[in-house]
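The values are calculated or read from the model by the stated rules, or taken from the named source; none is laboratory data. These numbers come from a predicted model, not from an experiment. Heads up, the Cβs are rebuilt from the backbone with ideal geometry, glycines too, and the neighbour counts pull from every protein chain shown.
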Amino acid sequence: MQHRPIRSIQDFLLSTYFADGLRITIGVLCPSLLLAQFGMLQYGMTLSLGALCISVVDSPGPIVHRRNAMLITTALIFIISIIVGLTNKSVLFTGTLLVVSSFIFSMFFLYGNRAAAVGTSVLLIMVLSIDDIRPWREVIFYALLILGGSIWYTLLSYFVYRLRPYRLVQQILSDSILEVSNFLRSKAKFYHEHTDYEKNYAELLQLQVHVHEKQEEVRDVLFKTREIVRESTPEGRFLLLVFVDMVDLFEQVMSTYYNYKQLHEQFDSAGILPKYEDVINKIALSLDEIAFALKSGGTPALSQSLIADVDKLKREITQMELNNEAKYNTLGLIALKNIEVNIENIVGRVKTINGYFNKNEKKNLKGRDIDVEKFVTRQNMDVKLLTDNLTFSSSTFRHSLRVAIVMLIGFVVAKSLDFAHSYWILLTILVISKPGFSLTKERNYQRLIGTIVGAFIGMGILYYVHDKHSLFAILLICMIGSYSFQRKNYVVSVLFMTPYILVLFDFLGMGSMAIAKERIYDTLIGSGIALMASYSLFPNWEHEKLKEAMIDIIKANRNYFKQVTLLYLQSPQNLTNYKVARKEVFVSTSNLASLFQRMFSEPKSKQLHMQELHQFTVLNHLLSSYIATLSLYKKEHDFDYLNFEELKPVSENTVYLLNEAADRINVHREEISNVPLIRRKQLGENHLGSDDLIVAEQFDLIQKVAYDIFKLAEKLKI
């Protein structure tokens, strides 16, 4: 484990974050460095500004989407820089233009994160051009330089992609595997003696959100990249297979959910549970190796000690079963056995994924028949979506209106203060203002901490370092650091950004301690305005989305259960519909868990139904885990349930309970219904084999959890 800090650094240096940081730094720095050689640094800085604005929309994703977004942004910032440059002599017109533009471009949030970044980029060039008053000929020349910088960065980004077209997928897929690895480690903690179940569970839910986000990123790039979708190359087929197997592996990890408290009560004295923890942690390490091999181009190997430990665990459980003498509960032993079998299956899948890396095998890999259209979300630029959201019931409309008002307040305050760089107030407001209160609050703290600490670091650098070469090296490090961490850790990004700006101003002959103080003041003013507005101006509270998120997760689990039931009924099975249903469960679980986490950042008066929501989230996680167990049992044992008709009433009642739960959350009714649980013994006892018995008990468990969800939904009044 001692190599982990070094491995973490290596992982970061090979990640998409660092690659982005390097690309943006080269794109922004090169024009200025080149033209500075010819005494035209001012022109170079304007070119760099164009490149910087375009880099905002160049986040990971399909190259077609990135290219289109950069071209649209290039056209928009060229037009806006001309309009602002020709009209910024009039404070009244500039203020009006700022308000209108802030509203329009904030509405871009409707069309997803990339469209929102386009809006941010346009507002960025507007804010930076507001105080830059010059003759109209210079305005046109300035706009052309911005255009040139934008085109330069777009070409650079496209060239880097074409140089290594699979690199981005490798990096994002690697990151998603690391998140699954972290999820496994969190699962392993449940086997630790005296573990904190509540804390572990909260951590598990948060990690599940991260896993989902990363898997969505992979789907977005993988399934929307033509070369990979066509599987026209061995590398494309390889990446697709690794991802598909990793999603299946995550389902296996999800399925291992048991009553850990009971397991500890029964088996702590036997000392077997820490061995489970050790084996699961070793599997997580194996996943780390796969993730690193994807980035570094190496070949992972499965640890022999892991295989030996799994065999040893298997033997120990067999011994416990043979020498039981009523010492241990039979159900407890069955649970231990099931967990061990699941671990074996996970190790088998890890071994399969490792096999894909073999260079000889890579050439012969066969593709999978995947209907990719069903797994990706298309976002069309539909004008009707915009018009439908021009109402106060739309959270995006309220956010856009709030941004417009706050930018106007910031503009008035900036004009009133006699600061040299008062546009920093508007910049702070722009980057802090998010659709929800909790996100604005979080970004606010991050910006303040990063700016204040970064300003002191920057002042220290300027005070002690006077050699221009050393200062340039520091500038370079700060630029790469700032751009590398802007998506990974915003505090660290701002921490690097502030010294970078101070050193840059020093190079331009404007460096002084006053600049650092002014940046702190402007950040404090902008932060204060943005935070107060998010609380008082048409706020978006998370509890407003609660009903929709809860109904979504119930419906997703219901559809997942229906598809898994069909696995037992249909032959051959339709795995595409099953996998789409599984994906929807991951999406809705992630949405509810992240909403729950964001509610904690809101004022206490807005944290509604927290206890019930926690219980609801736990029950739905339990439900999806049990359904996953049921699906895996069918896929891995490949047997036919001899008399499935007897399980139909249980299955139908489960679906009915979930439908009723969704209806009760949607429209609360005071009367308490008397919905029964269907018990199999009422249907007549049959002689069941061990496989049939396990499946039947799993159906009973799923129905019981669905019943608990329904009873909780009856009490809730949202």
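Structure above, values below:
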{"item": "Filter result (in contact (Cβ under 8 Å) with a residue 24 or more places away in the chain and crowded, with 18+ Cβ neighbours inside 10 Å) within the range 186-199", "result": "LYS187, ALA188, LYS189, PHE190, TYR191"}
{"item": "Residue list for the range 416-430, restricted to those being surrounded by fewer than 18 Cβ atoms within 10 Å (Cβ to Cβ) and either of a type in the set (S, T, N, Q) or at pLDDT 70 or above (or both)", "result": "SER416, LEU417, ASP418"}
{"item": "Those residues of the range 249-281 which are among the β-branched types (Val, Ile, Thr) and in a helix (DSSP H, G or I), in sequence order", "result": "VAL253, VAL279, ILE280"}
{"item": "All positions within the range 371-406 that are assigned to a loop (DSSP other than H, G, I, E, B) and at pLDDT 60 or above", "result": "THR377, ARG378, GLN379, ASN380, MET381, ASP382, ASN389, LEU390, THR391, PHE392, SER393, SER394"}
{"item": "Those residues of the range 207-227 which are more than 10 Å from the chain's Cα centre (by Cα) and either modelled with pLDDT of 85 or more or within 22 Å of LEU592 (Cβ to Cβ) (or both), in sequence order", "result": "VAL218, ARG219, ASP220, VAL221"}
{"item": "Some residue of the range 176-185 being over 30 Å from HIS212 (Cα atoms) and among the charged types (D, E, K, R)", "result": "no"}
{"item": "LYS488 vs. criteria part of a helix (DSSP H, G or I), closer than 30 Å to SER102 by Cβ, assigned by TED's automatic domain parsing to the domain that holds ASP522 and of a type in the set (Lys, Arg)", "result": "no"}
{"item": "Options GLN208, GLN262, GLN252; residue that is surrounded by fewer than 17 Cβ atoms within 10 Å (Cβ to Cβ) and not β-branched (Val, Ile, Thr)", "result": "GLN262"}
{"item": "So THR428, is it part of a helix (DSSP H, G or I), of a type in the set (Ser, Thr, Tyr) and in contact with a Gly (Cβ under 9 Å, 6 or more places away or on another chain)", "result": "yes"}
{"item": "Helices (runs of 4 or more DSSP H) (entirely within the range 31-110) containing at least 3 residues that are assigned by TED's automatic domain parsing to the domain that holds TYR158 and closer than 22 Å to ALA414 by Cα", "result": "63-87, 91-106"}
{"item": "Subset of the range 484-520 (residues that are more than 14 Å from THR451 (Cα to Cα) and of a type in the set (Lys, Arg))", "result": "ARG487, LYS488"}
{"item": "Spans of helices (runs of 4 or more DSSP H) in the range 513-605 with at least 1 residues under 22 Å from the mean Cα position of the chain (by Cα) and either touching a residue at least 24 places away in the same chain (Cβ under 8 Å) or not assigned by TED's automatic domain parsing to the domain that holds ALA661 (or both)", "result": "546-569, 575-599"}
{"item": "Residue in the range 675-686 that is out of contact with any Pro (no Cβ under 8 Å at 6 or more places or on another chain), crowded, with 16+ Cβ neighbours inside 10 Å, in a helix (DSSP H, G or I) and at pLDDT below 85 present", "result": "yes"}
{"item": "Enumeration of residues in the range 431-472 that are part of a helix (DSSP H, G or I), within 21 Å of PHE105 (Cβ to Cβ) and among the basic types (Lys, Arg)", "result": "ARG443, ARG447"}
{"item": "Test result for SER81, surrounded by 17 or more Cβ atoms within 10 Å (Cβ to Cβ) and of a type outside the set (D, E, K, R)", "result": "yes"}
{"item": "Boolean, LEU647 is hydrophobic (A, V, I, L, M, F, W, C), at pLDDT below 85, in contact with a helix residue (DSSP H, G or I) (Cβ under 9 Å, 6 or more places away or on another chain) and assigned to a helix (DSSP H, G or I)", "result": "yes"}
{"item": "Scope the range 122-141; condition more than 10 Å from GLY85 (Cβ to Cβ) and touching a Lys or Arg at 6+ places or on another chain (Cβ under 7 Å); matching residues", "result": "none"}
{"item": "Scope the range 80-103; condition of a type in the set (Val, Ile, Thr) and in contact (Cβ under 8 Å) with a residue 60 or more places away in the chain; matching residues", "result": "ILE82, VAL91, THR94, VAL99, VAL100"}
{"item": "Residue that is modelled with the lowest pLDDT, among those in the range 506-530 that are crowded, with 20+ Cβ neighbours inside 10 Å and under 23 Å from VAL406 (Cα atoms)", "result": "ARG519"}
{"item": "Check on SER422, farther than 21 Å from ALA117 by Cα and touching a residue at least 24 places away in the same chain (Cβ under 8 Å)", "result": "yes"}
